[in-house]
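Read-outs: derived from the displayed coordinates by stated rules, not from any lab. It should be emphasised that the depicted structure is a prediction, and the values quoted were computed from it without experimental measurement. Cβ coordinates were reconstructed from backbone atoms using ideal geometry, including for glycine residues, and neighbour counts include every protein chain displayed.
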Amino acid sequence: MQDFLKQLPKAELHLHIEGTLEPELMMALAERNGVTLPYASVEEVRRAYDFADLSAFLELYFLGMSVLRHEADFEDLAMDYLRRAHAEGVVHVEMHVDPQAHLARGVPLETVLNGLERARERAARELDISTALILAFLRDKPVEEAMQLLEAVEPYRERFAAVGLDSAELGHPPGRFAEVFQCARQMGLACVAHAGEEGPPAYIREALEQLQVCRVDHGVRCLEDPGLVETLRERGIVLTVCPLSNVSLKVVERLAEHPLPRLLEAGLRLTLSSDDPAYFGGGMLDNFAACREAFGWGEATFRQLAANAIDEAFMTEARRSELQ
Ligand code: ES4
Ligand code: ZN
């Protein structure tokens, strides 16, 4: 089964590139850039990864990324991840990036975007991995800041496939960003948003109606509202579910209690992703293997989930038919 899961061509649709920063690279970049971290060793970093909830995780996520300062750091970050993904049978990766978090530390937009662009070109050439970039807005920051970012990104428009919405969910409903997402749509960008991870089903409905998202990141709390489940199913909206992330952030206590089997049973269109693999205990293959262990799914289920991701990916039709 492990061989089957590994060779299965997998598309990663829900990944934060800053969440792929492994402790080894974090320490190496801290040294290279003279950044002081509150950790003395790789082991100490790993020991700190015991999260009570999403906001406890985000604190360490924003701290960890403070080692990223130069274009080469972003290139190394993404290349390191893409090499690991390649070894796990990943053929396509869609990366959320959080420019606001870097701008706030004085790292210019072009540093972030040019570093990632170099990695994307190398991944295509050296690993035959296709990639897409998702411009994520931090939902706990002012809407005006998101709008300014969208304007600043205009010269780089062609590098992006979509806009997304991430960071602390509770108390930050998606509807606030309706105008930003409308402008993004006018620029020809697709729309996705995190909703229903920690937040209530009403946030998922808001993301659908006010942000007009084509995919919902997480969305696992939709089951609390049967009417919403019906809407998601009718419209064929994809939920990018991240099993190990949900365990790590205590959305569920154990994977065996995860709503995934019920989401499948409800006829929803699902994909599996790793979210922040360096922080949540593994990449795509580990997520697939954990589901096999917890739910006992057979090959057909994994084939369907992997096919859903390729069907829904932001990629050219030529690339899609190459992978199907
Ligand atoms: C995130 Cl797991 C998760 N949820 C929301 N925002 C995020 N940013 C990085 N990881
Ligand atoms: Zn996420």
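Just a few scattered comments:
- Scaled against 2.2 N^0.38 Å for its residue count N, the alpha carbon radius of gyration of segment 2-315 is 0.93.
- The gain in end-to-end length when the R105 to E209 segment is fully stretched comes to 34.1 nm, 0.36 nm per residue minus the alpha carbon separation.
- Segment 66-86 versus segment 259-298: alpha-carbon centroid distance in Å: 25 Å
- A simple spin-label model places pseudo-atoms 7 Å from Cα toward Cβ; at L170 and E224 they are separated by 1.0 nm.
- Pairwise FRET efficiency - A40 versus A318, Cβ, R0 = 41 Å, nearest 0.05: 0.25
- The chain, helix-only ellipticity at 222 nm - DSSP H runs n ≥ 4, -39,500 (n - 2.57), divided by all residues, nearest 500: -14000 deg cm²/dmol
- Label-reachable residues, segment 128-170, where backbone N falls under 19 Å from a point 7 Å from E121's Cα toward its Cβ: 128-134, 155-161
- Separation of the N33 and A72 label points, Cα + 7 Å toward Cβ, nm: 1.3 nm
- Distance between the modelled labels on Q148 and A256, one decimal in nanometres: 5.1 nm (7 Å Cα→Cβ projection).
- The slack in the chain from M1 to D128, taken as 0.36 nm per residue of separation less the alpha-carbon distance, amounts to 43.3 nm.
- Counting neighbouring Cβ atoms within 10 Å and putting the fewest first, the residues F57, F181 line up as F57, F181.
- Listed from fewest to most Cβ neighbours within 10 Å, the set R320, R125 follows the order R125, R320.
- Over the chain, relative contact order from alpha-carbon pairs under 8 Å, at least 6 apart, %: 21 percent
- When each of T36, T271 is scored by the number of other beta-carbon atoms lying within 10 Å, the sequence from fewest to most is T36, T271.
- The Cα center of segment 41-63 and the Cα center of segment 146-217 differ in position by 26 Å.
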